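Visitor: Provided herewith is a single structure, encoded as structure tokens, for subsequent inquiry.
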Protein chains: 2
Amino acid sequence: MKYIAEIDIMPQKEILDPQGKAVKLGLHNLHIDSVGDVRIGKHIRLEVEAESEETAKATVDTACRQLLANLIMEEYTFSIAEITA
Amino acid sequence: MKYIAEIDIMPQKEILDPQGKAVKLGLHNLHIDSVGDVRIGKHIRLEVEAESEETAKATVDTACRQLLANLIMEEYTFSIAEITA
């Protein structure tokens with residue numbers, strides 16, 4: 001079966017996010033003033049071929065740990081959904 | 001009230017994603033072979049101060065259109081949740 005994984009990789013809370021700070025400034029310069037803290041990370045959409053949702057989850061977790069996320073500075077969360085075609 | 005917006009900005013379907021292709025290759029090199037198509041975009045987490053969820057949504061939509069997303073090449077989706085503190 002085919003699954004779609006939606007992965008969010010964000011800088012850890014303790015870590016400064018200069019890109020987010022810059023975007024916040026940019027928004028304020030555009031008079032969008034009601035925006036507070038901004039944090040910027042990556043969003044990754046993966047297709048996974050697996051026998052069960054459990055296997056798909058394990059694959060995505062391995063992919064995050066081994067390649068996608070830098071666990072020293074980032075944290076990841078993901079959700080998985082079956083593709084019904 | 002305070003709201004948190006979770007924004008996903010992804011390259012449009014019609015557009016090639018070389019970064020995603022590279023990551024797919026990288027995953028296969030790590031013997032994570034069950035991964036098919038990979039697409040990489042941005043994930044942005046914003047805090048918004050607004051009177052209602054409607055206003056917060058409008059602010060986030062404006063922010064996406066005016067600064068965060070390049071609508072020629074990217075598409076965005078977002079969800080909003082109230083912060084209960």
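Visitor: When you look at residue B:14, is it charged (D, E, K, R) and within 11 Å of another protein chain (Cβ to nearest Cβ), yes or no?
Guide: no
Visitor: Would you pick out the residues in region B:35-59 that are farther than 24 Å from residue A:66 by Cβ and in contact with a strand residue (DSSP E or B) (Cβ under 8 Å, 6 or more places away or on another chain)?
Guide: First, the residues of region B:35-59 that are farther than 24 Å from residue A:66 by Cβ: B:44-59.
Listed by number, the residues that qualify are B:44, B:45, B:46, B:47, B:48, B:49, B:50, B:53, B:56, B:57, B:59.
Visitor: Oh, and also: Would you please list the contacts, defined by Cβ atoms under 9 Å and residues six or more apart or on different chains, that run from a residue in region B:34-52 that is more than 7 Å from every other protein chain (Cβ to nearest Cβ) to a residue that is open to solvent by 10 Å² or more (accessible area, probe 1.4 Å)?
Guide: Pairs that qualify, where the first residue is more than 7 Å from every other protein chain (Cβ to nearest Cβ) and the partner is open to solvent by 10 Å² or more (accessible area, probe 1.4 Å), are B:51/B:1; B:52/B:1.
Visitor: Taking region A:7-34 only, how many residues are in contact with a strand residue (DSSP E or B) (Cβ under 7 Å, 6 or more places away or on another chain) and open to solvent by 100 Å² or more (accessible area, probe 1.4 Å)?
Guide: The total comes to 1.
The values are calculated or read from the model by the stated rules, or taken from the named source; none is laboratory data. Owing to the predicted nature of the structure, the values given are computational and were not obtained by experimental measurement. Glycine gets a Cβ as well: all are built from the backbone with ideal geometry, and neighbour counts include every protein chain shown. Quick note on the areas: whole protein, heavy atoms, side chains included, nothing else; ligands and nucleic acids left out. Shrake-Rupley method; radii C 1.70, N 1.55, O 1.52, S 1.80 Å.
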